[in-house]
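Peer 1: Quick one: structure below, then a few questions.
The values are calculated or read from the model by the stated rules, or taken from the named source; none is laboratory data. In this text, all values refer to a predicted model and were calculated from it rather than measured experimentally. FYI the Cβ positions are ideal-geometry reconstructions off the backbone, even for glycines, and counts take in every protein chain you see.
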Amino acid sequence: MTSSRLTPEQLLAQPADDYMNDVQQAFFRDLLETERDELRQRIDLGFHALREFESVSDDADIASREEQRQWQLRLLEREKRLLDKIDEALERLARGEYGWCEESGEPIGLRRLLLRPTATLCIEAKQRQEQRERHQRQA
């Protein structure tokens, strides 16, 4: 069975001892590359839409158009950050570090990686990070 044909259910059914084996790494590489390609297409379309010039004469239309452009720019910035995270995840895969928590060295877990393929922290480390951030905001 090739990695491109592996379903998430089949991935999750693999023994825990097989964590981040070649098949699982290939599955996540395919997933990340597919997400990266789709994201690049959305970014390209977004920039193309921003470049389109619509001649409007009404002040309200001009203001509305500018507000829409600002919203599109924020969305594109967010998608660009996600693209950077995907590239970083692919680099971790190439180095053999993908799927392992940057803080604890423990497995991040297949379920978490399926939900957030760019995750760098296991659930426990992520919760600690969020608690520190909440504490810093309150201080």
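Peer 1: Is there any pair with a first residue in the range 73-88 that is without any contact (Cβ under 8 Å) to a residue 40 or more places away in the chain and a second that is surrounded by 11 or more Cβ atoms within 10 Å (Cβ to Cβ) whose Cβ atoms are under 7 Å apart and which are 6 or more apart or on different chains, and what are they?
Peer 2: Qualifying pairs under 7 Å: L75/G46; L76/I43; L76/G46; L76/F47; K80/I43; K85/T118.
Peer 1: So E124 passes all but one of these: (1) over 18 Å from the mean Cα position of the chain (by Cα); (2) over 28 Å from T7 (Cβ atoms); (3) part of a helix (DSSP H, G or I); (4) not hydrophobic (A, V, I, L, M, F, W, C). Which condition number does it fail?
Peer 2: Unmet condition: (2).
So that you can scan it fast, the table gives a plain yes or no per residue for (1) modelled with pLDDT under 95; (2) touching a helix residue (DSSP H, G or I) at 6+ places or on another chain (Cβ under 7 Å):
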site: A63; (1), (2): yes, no
site: E66; (1), (2): yes, no
site: W71; (1), (2): yes, no
site: R74; (1), (2): yes, no
site: I86; (1), (2): no, yes
site: G99; (1), (2): no, yes
site: E102; (1), (2): no, no
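Peer 1: Select from the range 23-39 the residues that are modelled with pLDDT under 95 and either in contact with a Cys (Cβ under 9 Å, 6 or more places away or on another chain) or basic (K, R) (or both) and list them in ascending order.
Peer 2: none
Peer 1: Which of the numbered conditions does E103 fail, given that it passes all the others? Conditions: (1) under 16 Å from the mean Cα position of the chain (by Cα); (2) acidic (D, E); (3) part of a loop (DSSP other than H, G, I, E, B).
Peer 2: (1)
Peer 1: Here's something else I'd like to know. Of all residues in the range 101-116, which are of a type outside the set (D, E, K, R) and closer than 15 Å to Q10 by Cα? Let's see the steps before the verdict.
Peer 2: Here is the first cut: in the range 101-116, the residues of a type outside the set (D, E, K, R) are 101, 104-105, 107-110, 113-115.
G109, L110, L113, L114, listed by residue number.
Peer 1: Please give the number of the condition L12 fails out of (1) touching a Gly at 6+ places or on another chain (Cβ under 6 Å); (2) modelled with pLDDT under 95.
Peer 2: (1)
Peer 1: Can you work out which of the residues in the range 3-36 that are within 21 Å of the chain's Cα centre (by Cα) and small (G, A, S) is farthest from G109 (Cα to Cα)?
Peer 2: Only one residue fits best here, namely S4.
Peer 1: At pLDDT below 95, of a type in the set (F, W, Y) and not in a helix (DSSP H, G or I): which single residue out of F47, F53 fits that description?
Peer 2: Checking each option against the conditions leaves just F53.
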